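Below is one structure, written out as structure tokens; the observations come after it.
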Amino acid sequence: MGDIVRRASDHILEVIFSYLDLHTLRNCSLVCKRWYQFLNDENNHVWRMHCIRKLAQEALSSDLLSSVPTYKSKLRAFYHAWNPNDCSRNIYIKPNGFTLHRNPVAQSTDACRGKIGFRHGRHAWEVIWEGPLGTVAVIGIATKEAPLLCHGYVALLGSDEHSWGWNLVDNHLLHNGDPQGNYPLLNNAPKYQVGERIRVILDCDDNTLSFEKNYEFLGVAFRGVILRTIVYRVSHLKCSLSIATLFFVQEQIA
């Protein structure tokens, strides 16, 4: 009898929670241990329904989200993907919601920020280049003050105090308009190959920015990253191509 009542209770919770927004669901998870445990199941019907409503079928059926296997993690990745309202006018976000594309505009360098910024905790996301890099292809972080468009072909990300970047073309680190050395610190470090997964790791508490390539940790790229304002994920480019980003994991430190 107890199992029957529990299953019936779970079904009722699924129906009710499926119609609530994410903010309300978070509040529900704080009501009692039972509700917290229920919503902590990242593959239950509630998160599945929210995924179906928010994510494009193209994204759900592709291999893009293979590294985020649960419905809740897919939903989290979507809410941290590229921001169509915070990018250069030469960039648009594809219908899958995770991939940006730059139109072939001459003498222009363009950038795009993610939807959600960070000020505390440890965060990681993956970037996948789906075309040729050109001469400038930088990934990293920037505050809201960093520009997203400039004339000519320059290293836009890392050009001022508001951004930090790694140019995948020449393996140079950039910040405040100056090269910060080669990265990773290897003799004849291999260059990025199209299709490889780059994971960006931001530690807001230790003030460091690091990278992984194909799940191999490359070391700390920047130390002493001073976060006076909320920081956003950014990529910038000069050639016509597509870039997919995937928010992978978040560890929020109280």
Taking the Cα centre of the stretch 104-221 as origin and charging only Cβ (+1 Lys, Arg; -1 Asp, Glu), how large is the dipole, in debye to the nearest 20?
240 debye
If you build a Gaussian network model of the chain, linking Cα atoms that sit under 10 Å apart, which residue out of Ser18, Ser108, Ser163 swings the most?
Ser18
Would you work out which of Asn96, Tyr215, His50 lies farthest towards the positive end of the dipole of the chain? Charges go on Cβ: Lys and Arg +1, Asp and Glu -1.
His50
So if I place +1 on the C-beta of Lys and Arg and -1 on the C-beta of Asp and Glu, and nothing else carries charge, what would the dipole magnitude of the chain be about its Cα centre? I want it in debye, nearest 20.
580 debye
Per the helix-only calculation at 222 nm, which mean residue ellipticity applies to the chain, given -39500 (n - 2.57) for every DSSP H run of n ≥ 4 and division by its residues, nearest 500 deg cm²/dmol?
-6000 deg cm²/dmol
Which trypsin sites (Lys or Arg not before Pro) in the stretch 138-216 pass both tests, a DSSP loop state and at most 14 other beta-carbon atoms within 10 Å?
Lys144, Lys191
If R0 = 35 Å, then Ser18 and Asn103, at their Cβ-Cβ distance, give a FRET efficiency to the nearest 0.05 of 0.35
Label model pair Gln37, Leu186: point-to-point distance (7 angstrom along the Cα→beta-carbon line) in nm is 4.6 nm
Gained length - Lys115 relative to Asp170, 0.36 nm times residue gap less alpha-carbon distance:
17.0 nm
Whole-Å semi-axes of the stretch 134-178's equivalent ellipsoid, largest first, each the root of 5 times a Cα gyration tensor eigenvalue?
15, 12, 8
In Å, the Kirkwood hydrodynamic radius from C-alpha pairs for the chain sits at 19.4 Å
Which whole number of Å³ per residue matches the convex hull of the alpha-carbon atoms in the stretch 1-76?
96 Å³
Take the alpha carbon atoms of the stretch 9-56, find their center, do the same for the stretch 134-204, and report the distance between the two centers in whole angstrom.
38 Å
Tell me, what HN-Hα J-couplings in whole Hz come from the Karplus equation 6.51 cos²θ - 1.76 cosθ + 1.60 at θ = phi - 60° for each residue of the stretch 127-134, using x for Gly and Pro?
10, 10, 7, 10, x, x, 7, x
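We did not get these values from a lab; they are worked out from the coordinates using the rules stated. The model shown is predicted, which means the values in this text are computed figures rather than measured ones. We place every Cβ from the backbone using ideal geometry, glycine too, and count neighbours over all the protein chains shown.
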